[in-house]
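Participant: Submitted below is the structure of interest, expressed as structure tokens.
We did not get these values from a lab; they are worked out from the coordinates using the rules stated. Predicted model only: the values in this text are computed from it and were never measured. Every residue, glycine among them, receives a Cβ derived from its backbone with ideal geometry; neighbour counts consider all protein chains shown.
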């Protein structure tokens, strides 16, 4: 990315200026990534939320499922950078698996990790370990599930089903069906159900084999997305607990945008997720 010039710094001090950004995606789950140093001097959380909605507008903005702001570390003793992640509607998300891979690629490509390809990022879900691999692949140490509540009952619009609740730092309600297409339109109603005071991501899953799961995700604050990394991890947790899959096995999670490889390691009691992070384009946004 070009270095900010003096004239750009003057733009930064006005009410509107050309803000550098990069657009990246993980299996079609797309994000705008911005260095916090390029935000206006008087920016606030309210400004960032408003900016997110403008940026993620696919007609009048750049378009994206969320905004990622890379910043200096605040509280961590081990992470090299922190992030702030906003869903497309401007709401704050604790964690995003596809987004964190894109953040890792951005950090490495901009020299913010030195030459390290293995480092940690500070998030609201804790420090997340990242390893940059060949062919634009990124391996993420997602940690273990933070919270699990098995076999809950829910009814929306006259449709009743069982689900498992799994937090991967952000909330997920996972249900298994033979015909995903017949039930996925209930995603929005489930997201805002009173069972979930902070709303929830919703996973509609089908077991193909002990090593393969088909998954469609309604993301909180976004709607249907091409892929969801935390959703894939949460679904594997639920599948293992229900006896559909096993720990210490590479499980392919098939999403509309492509595949993620998820492994629940029984020794480290952590979940590893591996998938791509790709640059789409670089530009300036008239903020």
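Participant: In which sequence would 225, 52, 235 go, from the one with the fewest C-beta neighbours within 10 Å to the one with the most?
Facilitator: 225, 52, 235
Participant: Any idea what the relative contact order of the chain is, in percent, if you count C-alpha pairs under 8 Å spaced at least 6 apart?
Facilitator: Dividing the mean separation by the residue count of the chain yields 20 percent.
Participant: Nearest 500 deg cm²/dmol is fine: what mean residue ellipticity at 222 nm does the chain get from its DSSP H runs of n ≥ 4 alone, each adding -39,500 (n - 2.57), divided by its residue count?
Facilitator: -5000 deg cm²/dmol
Participant: While we're here: Output the relative contact order of region 147-268, whole-number percent, from Cα pairs under 8 angstrom with separation of 6+ residues.
Facilitator: The value is 19 percent.
Participant: For 219, 115, what ranking results if the residue with the fewest other Cβ atoms within 10 Å of its Cβ goes first?
Facilitator: Final ranking by Cβ density, sparse to dense: 115, 219.
Participant: Using a simple spin-label model with points 7 Å from Cα along the Cα→Cβ vector, what separation in nm is obtained for residue 135 and residue 162?
Facilitator: About 3.8 nm, to one decimal.
Participant: Further question on the same structure: For region 127-200, with equal point scatterers placed on the C-alpha atoms only and solvent neglected, what are the log10 I(q)/I(0) values from the Debye formula at q = 0.20, 0.21, 0.28 1/Å, to two decimals?
Facilitator: Scattering profile of region 127-200, log10 relative to I(0): -0.89, -0.94, -1.33.
Participant: If I build a Gaussian network model for the chain, linking alpha-carbon pairs within less than 10 angstrom, which residue out of 162, 250, 141 has the largest mean-square fluctuation?
Facilitator: Most flexible of the set in this elastic network: 162.
Participant: Quick check: from the Cα gyration tensor, does region 147-268 come out rounded (a/c under 1.5), prolate or oblate?
Facilitator: Since a/c reaches 1.5 and a/b is larger than b/c, the shape of region 147-268 is classed as prolate.
Participant: Can I ask one more? Students often get this wrong: which residues of region 64-101 have the backbone nitrogen under 12 Å from the point 7 angstrom along Cα-to-C-beta of residue 115?
Facilitator: Correct set: none at all.
Participant: Also, quick follow-up: By counting other Cβ atoms within 10 Å of each Cβ, how are 43, 266 ranked from fewest to most?
Facilitator: 266, 43
Participant: A follow-up question, please. Got the relative contact order for region 82-219 handy, in percent, Cα pairs under 8 Å and 6 or more residues apart?
Facilitator: Worked out over region 82-219, it gives 15 percent.
Participant: Turning to a different aspect of this structure: Gain in length, residue 59 to residue 282, computed as 0.36 nm per residue apart minus the alpha-carbon separation, to one decimal in nm?
Facilitator: Here the segment from residue 59 to residue 282 would lengthen by 78.5 nm.
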